[in-house]
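Working notes for the structure below.
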Amino acid sequence: MNIYQEFTDKIKKILQNVEKIPEDADLSRVSVEPPRDPSHGDLATNAAMVLAKPAGLNPRELAQSIANQLESDPDIESVSVAGPGFINLRLTPKFWTDHLKIIVEQGKNYGAGLVGEDMKVNVEYVSANPTGPMHVGHCRGAVVGDALANLLQFAGYDVTKEYVINDAGVQIDVLAKSVFLRYRQALGEEIGEIPSGLYPGEYLIAPAEALVAEFGNKLLELPEEECMQILRDRSVDAMMDMIRSDLELLNVHHDVFFSERTLHEKKDGKSAIDRMLETMRERGFVYDGHLPPPKGEVPEDWEDREQTLFRSTEVGDDMDRPLVKSDGSYTYFAADVAYFQDKFMRGFKRMVFVLGADHGGYVKRLKAVANAIAGDKAELDVLLCQLVKLFRDGEPVRMSKRAGEFVTLREVVEEVGRDAVRFMMLYRKPEAPLDFDFAKVTEQTKDNPVFYVQYAHARTYSVFRQAAQEMPDLDITDSALLSADLSLLVDEGELALIAKMTEFPRMIEQAARADEPHRVAFYLYELASDLHQHWNRGKELPELRFINQENAKLTIARLAMLRAISCVLSAGLGIVGANAPEEMR
């Protein structure tokens with residue numbers, strides 16, 4: 001239940017009865033949200049501001065007219081018109097405590113399933129080349145993608161988490177040759193320094209030793225292509241096992257691992273890319289033509305030749321894109337088009353790609369592909385994740401010894417823990433650079449967001465344990481909480497906590513529609529901060545403490561409020577992918 005949408009609907013109904021507002025007036029811009037300054041009230045609406053012009057009225061005049069009708073609403077304590085025409089509402093304490101009962105009843109499902117309507121959504125994230133272990137550069141996209149998928153699922157979408165295995169490119173041949181070098185080393189050969197162009201990491205030793213265990217020295221005797229095919233298959237399998245293990249450590253699990261190679265494989269004489277080209281040629285999006293030379297200085301090896309091109313300029317791209325290389329093989333872009341078509345044919349109405357910031361130039365062509373294949377029958381969103389810089393006490397962290405070229409995801413998670421990594425990767429917008437300091441994320445202070453939020457959740461449970469000790473005869477079961485007299489909650493801090501909880505469904509809806517899982521982390525910190533502040537007030541004012549041995553009914557009411565807070569925090573932490581501990585020491 002989204003109270004902001006509830007009051008938006010109420011105001012729109014009032015607007016329909018204002019004679020001077022045209023029947024066809026656009027009410028979509030009318031919104032209700034928390035005011036920037038809480039002293040102005042509980043809710044604020046821009047209705048008069050956006051509709052005054054089509055109604056031919058002064059904004060304040062229209063605002064006062066709307067306010068006069070809102071005053072009779074039993075849920076509203078007071079209405080005021082501010083500034084050029086904003087309308088501020090203050091709700092009754094009864095409204096808040098009645099809504100608290102709804103939160104207690106719905107528990108961890110509060111705010112769930114309000115917008116998705118089971119729309120099929122595909123979220124593709126990580127999709128790192130299967131050439132080595134996950135590094136910290138992959139970490140942010142993995143967390144953002146996984147949290148987004150969790151968010152969409154919570155909001156009511158039918159979500160598939162997908163990983164594309166890029167197992168059809170040149171990098172796989174490089175991987176196979178790199179493993180073959182380590183295979184020869186495992187057989188006792190002195191290989192010397194790793195040649196430039198091959199992967200130098202020690203992580204290739206284990207796959208090479210596995211090949212020795214399986215084949216002995218037989219791979220040395222096989223024809224080159226037969227040997228290379230075995231090396232490709234075994235190497236990719238070994239790398240994907242490593243990647244899955246790394247992702248498991250981060251609590252990231254994909255539903256589908258899609259092999260790019262399957263797009264190239266022939267079935268009944270044709271591959272998926274062949275079929276895509278036929279379909280898109282029939283629709284006028286594939287043609288044979290010439291591309292202009294690159295802007296600026298023309299390279300010496302520039303070849304003006306007829307090519308098979310994708311007519312992407314008709315659907316928003318800067319230039320048409322080649323689909324076939326000069327040697328007759330397909331370009332990466334051709335596989336991307338076929339892959340999107342495959343997703344669309346699988347019934348997805350919304351596709352989200354979570355990519356690194358270095359893919360920024362690829363967004364426009366992806367959107368062009370979506371427009372060509374799906375038109376208005378599917379949505380495409382692209383999230384770009386900026387770089388993560390690692391620090392320790394303010395000093396940059398050096399490269400990994402094991403990987404040779406980068407810090408691995410596993411090293412980061414094993415040092416600071418999964419929860420800290422996941423929460424902190426969401427505690428900045430994905431498009432903003434992120435500084436990750438190992439020392440900061442392990443501090444037990446307010447400056448460490450994940451600790452602050454988890455501590456708030458643990459605190460709610462500590463009160464229940466304390467109540468069981470101090471008031472052993474008090475019934476604190478869920479049924480007792482559901483029947484609590486919540487009208488006893490009258491303190492401004494208690495009502496503010498309830499009001500903050502009612503923002504959760506609105507935040508979920510907005511975050512899900514905008515693909516912004518970082519909003520969940522921000523909200524959790526704000527709710528935790530409000531709880532900690534109210535807790536501290538109880539230290540100074542004993543009458544505000546959650547347990548009152550002289551008043552069992554008030555204690556039950558406050559415990560019900562704490563149960564609601566713990567459920568909202570737990571649901572949010574579940575979306576983030578972090579634990580909601582019941583106790584912290």
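The values are calculated or read from the model by the stated rules, or taken from the named source; none is laboratory data. What you are looking at is a predicted structure, and each value in this text was computed from that prediction instead of being measured. For neighbour counting, all protein chains shown are included, and Cβ atoms are generated from backbone atoms with ideal geometry for every residue, glycine included.
When the stretch 331-372 is examined, which residues are found to be surrounded by 21 or more Cβ atoms within 10 Å (Cβ to Cβ) and part of a strand (DSSP E or B)? Selection gives M351, V352, F353, V354. The set of residues from the stretch 119-160 being closer than 20 Å to D342 by Cα and of a type in the set (D, E, K, R) comprises K120, E124, D158. For the stretch 161-176, filtering for residues that are buried (at least 18 other Cβ atoms within 10 Å of the Cβ) and of a type outside the set (D, E) leaves 9. Being crowded, with 21+ Cβ neighbours inside 10 Å and either closer than 30 Å to Q69 by Cα or without any contact (Cβ under 8 Å) to a residue 24 or more places away in the chain (or both) is the filter here; which residues of the stretch 100-142 pass it? Across the stretch 100-142, the qualifying residues are L100, I103, G111. When the stretch 37-66 is filtered for residues that are within 24 Å of N2 (Cβ to Cβ) and outside any helix (DSSP H, G or I), the ones remaining, listed by number, are D37, G41, D42, L43, A44, T45, N46.
Residue check: M239 meets all listed conditions (1) in contact with a Pro (Cβ under 9 Å, 6 or more places away or on another chain); (2) exposed (fewer than 13 other Cβ atoms within 10 Å of the Cβ) but one, namely (2).
When A557 is tested against (1) in a helix (DSSP H, G or I); (2) more than 20 Å from S479 (Cβ to Cβ), only condition (2) is not met. Does at least one position in the stretch 101-109 carry a residue that is of a type in the set (A, V, I, L, M, F, W, C) and at pLDDT below 95? Looking through the stretch 101-109, none of the residues is of a type in the set (A, V, I, L, M, F, W, C) and at pLDDT below 95. Which residues, counting only those in the stretch 463-511, are over 20 Å from N551 (Cβ atoms) and in contact with an Asp or Glu (Cβ under 7 Å, 6 or more places away or on another chain)? Passing the criteria: A496, A499, K500.
Among residues that are within 25 Å of R422 (Cα to Cα) and part of a helix (DSSP H, G or I), D98 is not included.
Step by step: first the residues of the stretch 77-93, then only those that are crowded, with 16+ Cβ neighbours inside 10 Å and in contact (Cβ under 8 Å) with a residue 40 or more places away in the chain, then the one that is farthest from I3 (Cα to Cα). Which residue is that? Going through the qualifying residues, I end up with F86.
Applying the set (1) surrounded by fewer than 21 Cβ atoms within 10 Å (Cβ to Cβ); (2) out of contact with any His (no Cβ under 6 Å at 6 or more places or on another chain); (3) assigned to a helix (DSSP H, G or I) to N548 leaves exactly one unmet item: (3).
Within the stretch 313-327, can you find the residues that are more than 13 Å from G289 (Cα to Cα) and not β-branched (V, I, T)? Residues satisfying the conditions are E314, G316, D317, D318, K325, S326, D327.
The residue pairs whose first member lies in the stretch 177-198 and is assigned by TED's automatic domain parsing to the domain that holds I230 and over 14 Å from R234 (Cβ atoms), whose second member is surrounded by fewer than 11 Cβ atoms within 10 Å (Cβ to Cβ) and charged (D, E, K, R), and whose beta carbons are closer than 9 Å, counting only pairs six or more residues apart or on different chains, do not exist in this structure. Listed by position, the helices (runs of 4 or more DSSP H) enclosed by the stretch 436-542 that each have at least 2 residues that are of a type in the set (K, R) and buried (at least 18 other Cβ atoms within 10 Å of the Cβ) are 492-514.
Can you tell me which residue is surrounded by the fewest Cβ atoms within 10 Å (Cβ to Cβ) among those in the stretch 312-330 that are assigned to a loop (DSSP other than H, G, I, E, B) and in contact (Cβ under 8 Å) with a residue 40 or more places away in the chain?
For the stretch 312-330, the residue satisfying everything is D318.
The single residue among D491, D485, D515 that is in contact (Cβ under 8 Å) with a residue 12 or more places away in the chain and on the phi > 0 side of the Ramachandran plot turns out to be D515. Whether a residue is surrounded by fewer than 21 Cβ atoms within 10 Å (Cβ to Cβ), part of a strand (DSSP E or B) and under 36 Å from the mean Cα position of the chain (by Cα) was assessed, and R29 does not pass this test. Annotation: R281 fulfils all but one of (1) of a type in the set (K, R); (2) in contact with a helix residue (DSSP H, G or I) (Cβ under 9 Å, 6 or more places away or on another chain); (3) within 30 Å of A372 (Cβ to Cβ); the unmet one is (2). The residue list L309, L277, L247, L263 contains one member that is assigned to a strand (DSSP E or B) and closer than 30 Å to P130 by Cα, which is L309. When you look at A55, is it more than 28 Å from the chain's Cα centre (by Cα), modelled with pLDDT under 90 and buried (at least 19 other Cβ atoms within 10 Å of the Cβ), yes or no? So A55 passes the test.
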